[in-house]
1. Against the condition within 15 Å of the chain's Cα centre (by Cα), over 23 Å from GLN206 (Cβ atoms), basic (Lys, Arg) and modelled with pLDDT under 90, how does LYS269 come out, does it pass?
2. Yes or no: segment 252-262 includes at least one residue that is under 30 Å from ALA56 (Cα atoms), assigned to a loop (DSSP other than H, G, I, E, B) and open to solvent by 70 Å² or more (accessible area, probe 1.4 Å).
3. I'd like to check which strands (runs of 3 or more DSSP E) are fully inside segment 44-149 and have at least 2 residues that are within 30 Å of ALA268 (Cα to Cα).
4. Restricting the first residue to segment 103-131 and requiring it to be without any contact (Cβ under 8 Å) to a residue 60 or more places away in the chain, which pairs with a second residue that is acidic (Asp, Glu) and in a strand (DSSP E or B) meet a Cβ separation below 8 Å and a spacing of at least six or different chains?
5. Since LYS241 meets every condition but one in (1) open to solvent by 60 Å² or more (accessible area, probe 1.4 Å); (2) in contact with a Ser or Thr (Cβ under 9 Å, 6 or more places away or on another chain); (3) modelled with pLDDT of 85 or more; (4) in a helix (DSSP H, G or I), which condition does it not meet?
6. Starting from segment 55-76, take each residue that is over 23 Å from THR110 (Cβ atoms) and modelled with pLDDT under 95 and list its partners that are charged (D, E, K, R) and open to solvent by 40 Å² or more (accessible area, probe 1.4 Å), counting only C-beta distances under 6 angstrom and pairs at least six apart or across chains.
7. What residue, of SER16, SER11, is in contact (Cβ under 8 Å) with a residue 60 or more places away in the chain and touching a Lys or Arg at 6+ places or on another chain (Cβ under 7 Å)?
8. What residue, among those in segment 186-213 that are in contact (Cβ under 8 Å) with a residue 40 or more places away in the chain and within 28 Å of the chain's Cα centre (by Cα), is surrounded by the most Cβ atoms within 10 Å (Cβ to Cβ)?
Amino acid sequence: MIEKIIKKAISFLGVSEPTGDDQFIRYYNNITGAGFSMTVAWCAIFVTVVARMVGAATSLIPTFASCDIGADWFRKKGRYEKGRYYGGNYTPKRGDVIFYSSKHTQDDSTHVGYVVDVTGDIIKAIEGNKNDAVGYRTIKVSDKYIIGYGRVADFAGGSSAASTGEQAKEFQCSVSDFQSYLNRQYPNTIKTNCGALVVVDNSFGQKTRNAALCVWKYEMNKKKAGYTFDLKNRNFLAKCKEYADKFAVVKNGSKGRFVYLAQGLLRAKGFYYGDLDGDAGSITESAAKAFQSANGLPSDGNINADTWSKLFTV
């Protein structure tokens, strides 16, 4: 679980304001019912969202948007360790939550992140909202800016880990708007070839996959690629690679229907939390890289035939 958390956090390196942070805030609003604006401070939200994205149990890392609330949660659980400057002697570990205070007091945490590495007396951390972006920080363990740590690494196994059911529930993202998009944009295509419109139930199952695949083939046929795809044939691999690598590659800067589909499928898989806007920018690219890495594919951020095939796997 620790490696999943750090890997996911690192996948967002460089994502920045004014719009890159919106994916984290929207995701947090979605899972909590909060109504934060897109201008809210998002360092704690980033820590929370990364944990929820990879299915970390709330008993391991809480859901919090306030640094103080996060620190208090770890204190109440007996898993908070003071920083070296404040008399603590704990050596932080990869995956621990690191709390800072610009006021240099235990009573007011003003920033938070994840510990990535500790070498001697130097900590490397990754943080959201660091200079308005996701970035690394290198800092001495004795620095007074560090007020403490929420211990995660020592509790990531055993009963603290989420069960499969818990992970699935926490990992689930909002698929409903993708389902609604398919029904709204392609009602006749889906009804004719899949029997009925997609049930908007926020769940990526076989029927949603089939409808999305049907739409993908419909868009490929519009390209007049030299091969006619059978919309009712559920075998995605048939004739896919030759034509997908030529007509349906999505990369940073791409626009259009294939981008909508890629964003929707990445969201359904739990990797994309930006807008479904048909405009592939850095957020879409980062999501694609993370998905590729998690599925044993070259993580170049370009959605080609091999990546499409994995995206259409339920």
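1. no
2. For segment 252-262, residues under 30 Å from ALA56 (Cα atoms), assigned to a loop (DSSP other than H, G, I, E, B) and open to solvent by 70 Å² or more (accessible area, probe 1.4 Å): present.
3. 111-119, 122-130, 133-140
4. From residues that are without any contact (Cβ under 8 Å) to a residue 60 or more places away in the chain, the pairs are ILE123/ASP117; LYS124/ASP117.
5. (3)
6. What qualifies is ALA57/GLU166.
7. SER11
8. The residue in question is ALA212.
The values are calculated or read from the model by the stated rules, or taken from the named source; none is laboratory data. Please read these numbers as outputs of a predicted model, since none were measured by experiment. Don't worry about glycine lacking a Cβ; one is built from the backbone with ideal geometry, like all the others, and counts go over all protein chains shown. Ligands, DNA and RNA are excluded from the accessible area calculation, which covers all protein heavy atoms including side chains. Shrake-Rupley method; radii C 1.70, N 1.55, O 1.52, S 1.80 Å.
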